[in-house]
């Protein structure tokens, strides 16, 4: 089969690799129907995270189950399934606590798995899924083609945006600022709206993304950044800032922006992979601004969000503004890198 | 009158100063019945925070109202009052949001006030209290002498310990670790117990403080620190750590201890004045450990805690293990600095 391998900075290739085979009794082999490129895939692509040896890449996919191991109980051959961006048993104490990204037996696509093997990346034709019962969620029936993009967002960006909102404590009447207008930031707007936010400010400088932000529920757009951005946000909220700030980027600038945009006693829900180094505690301490979030345990959110995606009540699939065949994976990365696309969907 | 002035490292003096006078219509003049020395007073005392010019010091006091300005409505001459460790109007938007330490019109004892003057320190015979209606809480009747220490803790340490517990989300059944066995840490144990924690670990190496911790509700004591301390805590809680960790020190070591002692998805409630520099985000992000808290808005907690102090349901006054006349203020600082006392009460 063919799968994507990253070799180094701006060097991703679709290569012929061995087909996956069942390895443990709890595995499933899933034929990928759609995968995509994540903002965090751009860190190694841009060389910010060095690639020391070539490896499979991609961690978001939906597909159809082709084979299952003898211990698999809840997933059947032929099911259309959503995989979170990691695998998990969904039974260990951390999974029970709602933190399946800290599963004691889980692992990451395209990385060492915790069973001693090396997990497949998602940007390929097939993926071996460990802990299939824990990791995968099957849709009630075979979805139509138009539903695939929305379902694919449940693998990561929609669940991650939701985690930002949940972590920031968004509830009915909350005032919200979303820092970041990538796919996660845009999905965070959907999440804030469905949790009842009364006002949602999207910080964005790109007209196309501003349009999606408004469509998703943003009530205000702020284009300024840095001190001017903070001043504008405070001006919008009684001079003090917003109740909840959803940080969906991960840089030093975005984290500073988020912290300063929260009102005293407010909460920053952050899901952007942190690349900005350590943060000063005093600006949090002095104003009682909390910091909550992390690598989003999206597995636990799929059941809650799936019905709304299937019914069209929410339309996170809208973040995919470019669709390419898997053979054009290099162009998919380039389009994301150059911000020609918000998010690229790949069809094997 | 006499009041304490700090001149520099290990140099505090009781001096003759001018009596305070009413300055705004909302002021009250309070005759101090009891004051005390705070762990945070030790930062300038030890020279960790340099003292650039001599100034009044002390921020915890209870007393009797001697004079009020014409605009004061809720406080009367003769009332026994508790002052939080800052003044606040209790009406601005931040006060309404429960963050009276960020009062738009408030200030700090022994520091510039926001009305253009210089506020009195609490370690003196009298204090001018701006925003008397907002800042002060009167007891329903004149307390007995034995009730004074407990009431004095509501000025800071009991409310601050409570803030750590509230910020960490302690609720019925929570597992809790308290980092720090000073007065705030010990009060945090009381707070965690009254909020329903099922298990409370006190990290302490001092037999006298361990005894108070157990009296206050600690179910376990951990003496180890650093990696050994983290290992011991995780061992006590299913190998993963506690739901809620209350950080009551403020150093780099204590913050690291707190973060590593929280389980994935857990929350650190921190109230120790941060002196440890910036903190790494990855250890929080990777395990979804939240960080919440700050300079405790104790004014808002006084009404909730006061009845339990008066009834004896909680006994935070127990943290005072040394009582001295105000004339011995230098010895009070030395006793705290050398850890000969947990907390020293001063009577003018």
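Per-residue shielding of A:259-270, expressed as the average number of other chain Cβ atoms within 10 Å of the residue Cβ, stands at 3. Here is the tail figure for chain B: Cα pairs spaced more than 31 Å apart come to 31 percent of all pairs. With helices as the sole contributors, the protein assembly as shown gives -7500 deg cm²/dmol at 222 nm; each DSSP H run of n ≥ 4 counts as -39500 (n - 2.57), and the sum is divided by every residue. Against chain A, whose longest principal axis is taken from its Cα atoms, helix A:183-194 shows a tilt of about 70°.
All Cα-Cα separations within region B:233-290 were binned at 10 Å from zero, giving a P(r) of 27, 56, 17, 0, each value a whole percent of the pairs. Rounded to the nearest 10 degrees, the angle from helix A:302-311 to the longest Cα principal axis of chain A is 90 degrees.
Placing a label point 7 Å from the Cα of residue A:16 along the Cα-to-Cβ direction, no residue of region A:322-348 has its backbone N under 13 Å from that point.
Here residue B:339 yields copy-to-copy label distances, from shortest upward, of 5.3 nm, the label point defined as 7 Å from Cα along Cα to C-beta. Sorted shortest first, the distances from the residue B:205 label point to those of the same residue in the other copies are 5.1 nm; each point sits 7 Å from Cα along Cα-to-Cβ. The packing ranking of peptides B:121-127, B:52-58, B:241-247, B:329-335, highest mean first, is B:241-247, B:121-127, B:329-335, B:52-58, where packing means the average number of other beta carbon atoms within 10 angstrom of each residue.
Each residue in A:337, A:19 was given a count of other beta-carbon atoms within 10 angstrom of its own, and listing them fewest first yields A:19, A:337. Ordering A:345, A:322 by the number of other Cβ atoms within 10 Å of each residue's own Cβ, fewest first, gives A:322, A:345. Counts of other chain beta carbons within 10 angstrom of each beta carbon in peptide B:288-300 average 6.
Relative to the 2.2 N^0.38 Å rule of thumb, region A:158-293 has a C-alpha radius of gyration ratio of 0.90. With N counted as the residues of region A:217-348, its alpha-carbon radius of gyration over 2.2 N^0.38 Å works out to 1.26.
A Förster radius of 51 Å combined with the Cβ-Cβ distance from residue A:53 to residue B:215 puts the calculated FRET efficiency at roughly 0.30. Residue B:278 label point (Cα plus 7 Å toward Cβ) to equivalent points in the other copies: 0.8 nm, shortest first.
When the alpha carbon gyration tensor of the protein assembly as shown is reduced to an equivalent ellipsoid, the three semi-axes, largest first, read 54, 27, 20 Å. Averaging the sequence gap over all C-alpha pairs within less than 8 Å and six or more residues apart, then dividing by the number of residues, gives chain B a relative contact order of 18 percent.
Ordered by the number of other Cβ atoms lying within 10 Å of each residue's own Cβ, fewest first, A:46, B:214 fall into the sequence A:46, B:214. Peptide B:88-101 shows a mean partner chain C-beta count of 3 within 10 Å per residue C-beta.
Peptides A:277-283, A:128-134 ranked from most to least packed by the mean count of surrounding Cβ atoms within 10 Å: A:128-134, A:277-283. Rounded to the nearest whole angstrom, the semi-axes of the ellipsoid equivalent to region A:63-212, taken from the Cα gyration tensor as √(5λ), stand at 31, 18, 15, largest first. From the P(r) of region A:1-77, could you give the percentage of C-alpha pairs in the tail past 21 Å? Roughly 40 percent, rounded to a whole number. The C-alpha atoms of chain B define a longest principal axis, and helix B:207-216 lies at about 90 degrees to it.
A short reminder: the numbers here are calculations on the coordinates, not readings from a lab. Everything quoted here is computed from the prediction, not taken from an experiment. Here the Cβ is made from the backbone with ideal geometry for all residues, glycine too, and neighbour counts use every protein chain on show.
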